[in-house]
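One structure below.
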Amino acid sequence: MNGILTWADLNKFEVKDLDRVHGINNSYANLRLFGHSENDVLVTLYRDRHSWCPYCQKIWLWLEFKRIPYRVKKINMFCYGQKESWFLEKVRSGKLPAIEFKGQVITESDDIIAFLENKFGALGSFITSSHLIKIRELEREIFRSWCNWLCRESFNFIDNSFRKKRFKESISKLDEILSRSKSGYIDPSATNTGDIEPGVGDIIFIPYMERMNASLIYFKGFNLRSNYRHIDNWLTLFEGTSAYRGTQGDFHTHSHDLPPQMGGCYKECNEQQITFSKLIDTGEGLGNYELNKNYDSKYFAKIALKRVIKHKDNLLKVNPYNKESFEESLRSALTHMITGEVLIPKKISGISLKYLKNRISVPRDMPIISARLLRQSLNKIESLSDINEIDKIPFRHRYDQDPINFISS
């Protein structure tokens, strides 16, 4: 016996199950009530199944911070799966997000928010408020400058430097706005208990700011948080809320889900880019640059374990490499994550562990810290293999993430 824990042993490391309906925000819920009864639910949110879509995240966050009871129906994005035929009958374009309210279907994220504000009131300001016009224009300016730098190939140093300069000019305007904010938010919203939370002016920014933070550090070696302290503080304020953390993706997920969504992302090879991207790809992660919050490692390790055990059979079935040795290698990695012990399998399937490590998706599968701890342990056991095989993550599509094998789980 090599001491690697059996599935029965691993099952003993219990953690209290999440209340998906009444508890903190989470990606697994199909219903959110906020103290209401199910009969009170008037809104159905149609969002993408993998939690990759930034515009879906915007509506998801608005509903959570506003505490509006809603149902969730999850739909495939074209970049990883076939769009559900029943949804195409409802929304011919297949566009996400969409909401349904008393039989009426609304698309386009800003139109959805305006509709919801008309029914339930504002979150901070109304999205059409005159004082948010310039804020919304700035959000689009920052988005365009980010796309021009990230998604267009630069053929010389001058070209790249110009695009970087334009982005820095745009993002500095947001940092300046935040520097003047007493609350740290763009558009603070007061709750019924007097707490200050982000308003709609913040909600329209955060999905792409989250993706900029991840993509620029991975593809360009540009550290957004260390360069702009007021933006760093704003992100930290968001990360202090469970409503946001339930929607938050990690650097690994965004670095590999963005290219097929954006039509490509281009690397700027420099020392920092090489260092940062390696830390992300190996699963080590980038600490507070990714999530600036204290946490209990043992608790989040148990959550990761619980999620793997739940989907164990499918994980073993869909992995295309060395199926016969993957099972023990996986238990070895889980043993390491839970106990800290490095126990070597009879035959290490490093490539199988790498395949799994590369397809953990946050928040779809588990929280950021759980994913980090799991990837670190998968990487630890994988590194013991004498054979260094390559598992390539697709760049133009993510059909490797087709949810068809997991939908019923």
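The values are calculated or read from the model by the stated rules, or taken from the named source; none is laboratory data. A quick note: this is a predicted structure, and the numbers were derived from the prediction, not measured. Please note: Cβ atoms are built from the backbone with ideal geometry, for glycine as well, and neighbour counts cover all protein chains shown.
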Which ones in segment 122-136 are free of Cβ contacts under 8 Å to residues at least 24 places away in the same chain and either over 17 Å from Ile177 (Cβ atoms) or surrounded by fewer than 14 Cβ atoms within 10 Å (Cβ to Cβ) (or both)? Thr128, Ser130, His131, Ile133, Lys134
Taking into account only those residues within segment 211-249 that are within 23 Å of Gly201 (Cα to Cα) and of a type in the set (D, E, K, R), which is farthest from the chain's Cα centre (by Cα)? Arg229
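Identify the residue in segment 380-409 that is touching a Lys or Arg at 6+ places or on another chain (Cβ under 6 Å) and over 19 Å from Ser51 (Cα atoms) and, among all such residues, is surrounded by the most Cβ atoms within 10 Å (Cβ to Cβ).
As a first pass, look at segment 380-409 and keep what is touching a Lys or Arg at 6+ places or on another chain (Cβ under 6 Å): 382, 391, 403.
Now restrict to residues that are over 19 Å from Ser51 (Cα atoms): 382, 391.
Details: Glu382: 27, Asp391: 18.
Filtering segment 380-409 for residues that are touching a Lys or Arg at 6+ places or on another chain (Cβ under 6 Å) and over 19 Å from Ser51 (Cα atoms), the one surrounded by the most Cβ atoms within 10 Å (Cβ to Cβ) comes out as Glu382.
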Every residue from segment 151-194 that is in contact with a Gly (Cβ under 9 Å, 6 or more places away or on another chain) and not in a loop (DSSP other than H, G, I, E, B): Leu178, Ser189, Ala190
For segment 96-114, what are the residues that are within 26 Å of the chain's Cα centre (by Cα) and surrounded by 14 or more Cβ atoms within 10 Å (Cβ to Cβ)? Leu96, Pro97, Ala98, Ile99, Glu100, Ile106, Thr107, Ser109, Asp110, Ile112, Ile113, Ala114
So Ser85 passes all but one of these: (1) small (Gly, Ala, Ser); (2) within 18 Å of Pro54 (Cβ to Cβ); (3) assigned by TED's automatic domain parsing to the domain that holds Tyr46. Which condition number does it fail? (2)
For segment 352-375, the count of residues that are under 19 Å from Ile4 (Cα atoms), in contact with a Ser or Thr (Cβ under 8 Å, 6 or more places away or on another chain) and either of a type in the set (A, V, I, L, M, F, W, C) or touching a residue at least 40 places away in the same chain (Cβ under 8 Å) (or both) equals 3
Does any residue of segment 97-109 turn out to be assigned to a helix (DSSP H, G or I), closer than 29 Å to Ile24 by Cβ and among the hydroxyl-bearing types (Ser, Thr, Tyr)? yes
Just one listed residue, out of Ile381, Ile348, is of a type in the set (A, V, I, L, M), free of Cβ contacts under 8 Å to residues at least 60 places away in the same chain, closer than 16 Å to Glu327 by Cβ and part of a loop (DSSP other than H, G, I, E, B), and it is Ile348
For segment 186-223, enumerate the residues that are surrounded by fewer than 20 Cβ atoms within 10 Å (Cβ to Cβ) and under 17 Å from Ala122 (Cα atoms). Pro188, Ala190, Thr191, Asn192, Thr193, Gly194, Asp195, Ile196
